[in-house]
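In what follows, a single structure is set out as structure tokens and then discussed.
Quick note: the coordinates plus some simple rules give every number you see, no bench work behind them. Nothing here was measured: the structure is a model prediction, and the numbers come from that model. Please note: Cβ atoms are built from the backbone with ideal geometry, for glycine as well, and neighbour counts cover all protein chains shown.
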Amino acid sequence: MENQHAEIVAVVTMKRENVVAGGATIFIVKDPQELQITALTLEKVLDATSHEIDADTLIVVAH
Amino acid sequence: MSDYLLPVVMGVVFGFSARLLLLRTDFRQYPTYPTGQIIHLSFGFIAAFIGAVATPAVLESDWTAVTFLGLAATQFREVRKMERESLQNIDAFELVKRGIPFIEGMAQAFESRNYLVMFTALITTLCAVYSFWLGIIGGIVLLLIVKFRKSGKVLQEIADVSEGEIRFEGATLFVDDILIKNVGLADTRKIITDKAVGVIVTPRNQNGIVTLSYLGQRQAMLHHIATVLGSYLDSGEPALVPMTKRDMADGRIALFMLPSEKDFHQVRAVLEQVPILDSAIRMPKEAHKGK
């Protein structure tokens with residue numbers, strides 16, 4: 001619980017123009033379903049958790 | 001010295017009985033059966049012996065022996081260190097951690113119990129030196145004191161536990177009106193809606209508010225529920241990790257967790273019996289702050 005540190009490890013988005021490359025890998029997807037599936041895969045692979053920024057963008061964060 | 005044989009034996013017997021009374025392997029599965037129990041019973045026996053032989057040593061004016069016994073008694077500080085280390089090593093592999101403050105509390109309890117044993121043995125022997133029956137009575141009285149005075153406070157004495165509704169506003173998870181976190185995946189949101197239990201813990205007064213704000217206390221609450229009721233969790237699933245959040249305005253605590261069985265009554269029953277950690281107890285009500 002103490003010393004919580006979070007880091008964005010990946011970004012999944014449907015709107016490319018909303019995101020600028022800044023360290024985390026960006027995955028461009030076409031529709032909401034693909035968005036969910038890609039984020040789920042990344043979450044399982046990276047042992048991380050997904051958070052919603054808006055309807056078009058999810059970030060995968062390692063805590 | 002044979003005059004003292006019976007009192008010393010009585011002291012050891014009562015002291016050892018006190019340790020037996022204080023040693024409970026319960027749902028928390030600690031100390032583990034049987035190896036952990038053997039360790040603690042042996043320590044208890046040594047403590048009882050040290051306490052018991054102290055009285056004859058003083059009565060015989062054998063000051064060398066008294067000094068050595070005092071020295072031996074201080075060795076029981078090691079018990080705390082030993083417990084702390086082993087519990088910390090174990091804790092690294094728990095799905096829901098005990099937390100360092102809880103471990104510290106347990107380690108302290110183990111150390112203090114040995115001193116209680118020593119004290120029981122010492123007083124029993126002292127009584128038994130005067131008369132056999134006085135020793136028996138003294139021993140029984142001490143055992144009763146040890147049995148009924150040992151436990152600290154539990155959560156239900158300082159706070160009320162009520163059910164909180166798990167709900168989502170978009171991707172944001174709430175328990176009643178307290179924000180827990182943002183959940184991005186629809187899949188995870190469904191699991192949480194199906195399986196999660198939300199609890200609101202409302203402290204009864206100012207002391208309770210400060211005590212419950214302590215992260216160690218909150219972690220101990222989560223650990224208790226996870227140990228007793230199990231949890232729907234695995235390593236590498238940070239989205240499902242149980243959490244507590246505090247309403248900063250009024251000090252209520254919201255708990256979010258996924259027990260194996262979604263049943264609030266079980267969660268409440270467990271939660272009400274969670275011990276209040278020594279390190280969490282704060283009493284701002286008693287302090288002078290110019291009001």
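What the table shows:
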{"item": "Condition check for A:Thr41: within 11 Å of another protein chain (Cβ to nearest Cβ) and in contact with a strand residue (DSSP E or B) (Cβ under 6 Å, 6 or more places away or on another chain)", "result": "no"}
{"item": "Members of region A:43-57 found to be over 17 Å from B:Gly170 (Cα atoms) and either surrounded by fewer than 20 Cβ atoms within 10 Å (Cβ to Cβ) or in contact (Cβ under 8 Å) with a residue 40 or more places away in the chain (or both), listed by number", "result": "A:Lys44, A:Val45, A:Leu46, A:Asp47"}
{"item": "The listed residue being part of a strand (DSSP E or B), within 14 Å of another protein chain (Cβ to nearest Cβ) and of a type in the set (A, V, I, L, M), out of B:Leu222, B:Leu179", "result": "B:Leu179"}
{"item": "Pair list, Cβ under 8 Å, 6 or more apart: region B:271-291 residue over 21 Å from B:Gly105 (Cα atoms), other residue assigned to a loop (DSSP other than H, G, I, E, B)", "result": "B:Lys285/B:Asn205"}
{"item": "Region B:187-210, subset assigned to a helix (DSSP H, G or I) and surrounded by fewer than 16 Cβ atoms within 10 Å (Cβ to Cβ), residue nearest to the other protein chains (Cβ to nearest Cβ)", "result": "B:Lys190"}
{"item": "Pairs, first of a type in the set (Lys, Arg) in region B:153-172, second not in a strand (DSSP E or B), C-beta under 8 Å, six or more apart", "result": "B:Lys153/B:Ile276; B:Lys153/B:Ile281"}
{"item": "Identity of the residue in region A:12-26, touching a residue at least 40 places away in the same chain (Cβ under 8 Å) and not hydroxyl-bearing (Ser, Thr, Tyr), that ends up nearest to A:Leu46 (Cα to Cα)", "result": "A:Val12"}
{"item": "Failed condition for B:Tyr232, given (1) within 12 Å of chain A (Cβ to nearest Cβ); (2) farther than 16 Å from B:Pro275 by Cα; (3) among the hydroxyl-bearing types (Ser, Thr, Tyr)", "result": "(1)"}
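Residues checked against (1) among the aliphatic types (A, V, I, L, M); (2) within 11 Å of the chain's Cα centre (by Cα); (3) on the phi < 0 side of the Ramachandran plot; (4) within 12 Å of chain B (Cβ to nearest Cβ):
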site: A:Asn18; (1), (2), (3), (4): no, no, yes, no
site: A:Ala21; (1), (2), (3), (4): yes, no, yes, no
site: A:Thr25; (1), (2), (3), (4): no, yes, yes, no
site: A:Lys30; (1), (2), (3), (4): no, no, yes, no
site: A:Glu34; (1), (2), (3), (4): no, no, yes, no
site: A:Ala48; (1), (2), (3), (4): yes, yes, yes, yes
site: A:Ala62; (1), (2), (3), (4): yes, yes, yes, yes
